[in-house]
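K.L.:
Here it is: the structure, laid out below.
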Amino acid sequence: MEEKQSSRAGLVVWLYTTKYINKLKRYGLIHFVSKNMNYAIIYVDREQIDTLISTISKQHFVRKVEHSYRCDMPDTFDGVLDEVRALSNEDDDEDNLVKVIFN
């Protein structure tokens with residue numbers, strides 16, 4: 001199965017205040033805003049990400065801009081269950097060995 005790169009990338013924008021959150025709408029899609037932690041997650045085009053980071057960073061209400069690596073993480077969990085079963089079997093073997101030694 002082919003995985004193709006998404007045409008958008010996520011940015012974590014740390015804010016001084018969430019009062020001006022509507023001004024971020026002109027740069028991309030606002031996905032989430034945390035009023036308690038003062039940050040926003042926005043999605044922008046990958047081709048324009050470098051220019052948008054510098055532009056957003058210059059805004060007076062922005063503390064810092066970081067890349068969000070959520071889009072780059074795999075969203076399928078093929079083979080994870082097999083790994084968990086293998087680790088579980090190893091733990092059972094160790095438990096049995098401990099019981100034999102101390103009994």
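Yes/no matrix, rows are residues, columns are (1) at pLDDT 80 or above; (2) surrounded by 10 or more Cβ atoms within 10 Å (Cβ to Cβ); (3) part of a helix (DSSP H, G or I); (4) of a type in the set (A, V, I, L, M, F, W, C):
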residue: ILE56; (1), (2), (3), (4): yes, yes, yes, yes
residue: HIS60; (1), (2), (3), (4): yes, no, no, no
residue: ARG63; (1), (2), (3), (4): yes, yes, no, no
residue: GLU66; (1), (2), (3), (4): yes, yes, no, no
residue: ARG70; (1), (2), (3), (4): yes, yes, no, no
residue: MET73; (1), (2), (3), (4): no, no, no, yes
residue: THR76; (1), (2), (3), (4): no, no, no, no
residue: LYS99; (1), (2), (3), (4): no, no, yes, no
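K.L.:
Does any residue in segment 73-86 that is closer than 22 Å to ARG8 by Cβ come within less than 8 Å, Cβ to Cβ, of a residue that is loosely packed, with under 10 Cβ neighbours inside 10 Å six or more places away or on a different chain, and which pairs are these?
P.N.:
Cβ pairs passing all conditions: PRO74/GLU3.
K.L.:
Got a number for residues in segment 39-48 being surrounded by 16 or more Cβ atoms within 10 Å (Cβ to Cβ) and either touching a Phe, Trp or Tyr at 6+ places or on another chain (Cβ under 8 Å) or not in a strand (DSSP E or B) (or both)?
P.N.:
5
K.L.:
Answer with yes or no whether ASN36 is out of contact with any helix residue (DSSP H, G or I) (no Cβ under 8 Å at 6 or more places or on another chain) and assigned to a loop (DSSP other than H, G, I, E, B). Can you show your working first?
P.N.:
Details: out of contact with any helix residue (DSSP H, G or I) (no Cβ under 8 Å at 6 or more places or on another chain): yes; assigned to a loop (DSSP other than H, G, I, E, B): yes.
Here the answer is yes, as ASN36 does meet what is asked.
The values are calculated or read from the model by the stated rules, or taken from the named source; none is laboratory data. Only a predicted model underlies this, so the values are computations on that prediction, with no experimental measurement involved. Because the Cβ atoms are built from the backbone with ideal geometry, glycine has one as well, and the counts that use them run over all protein chains shown.
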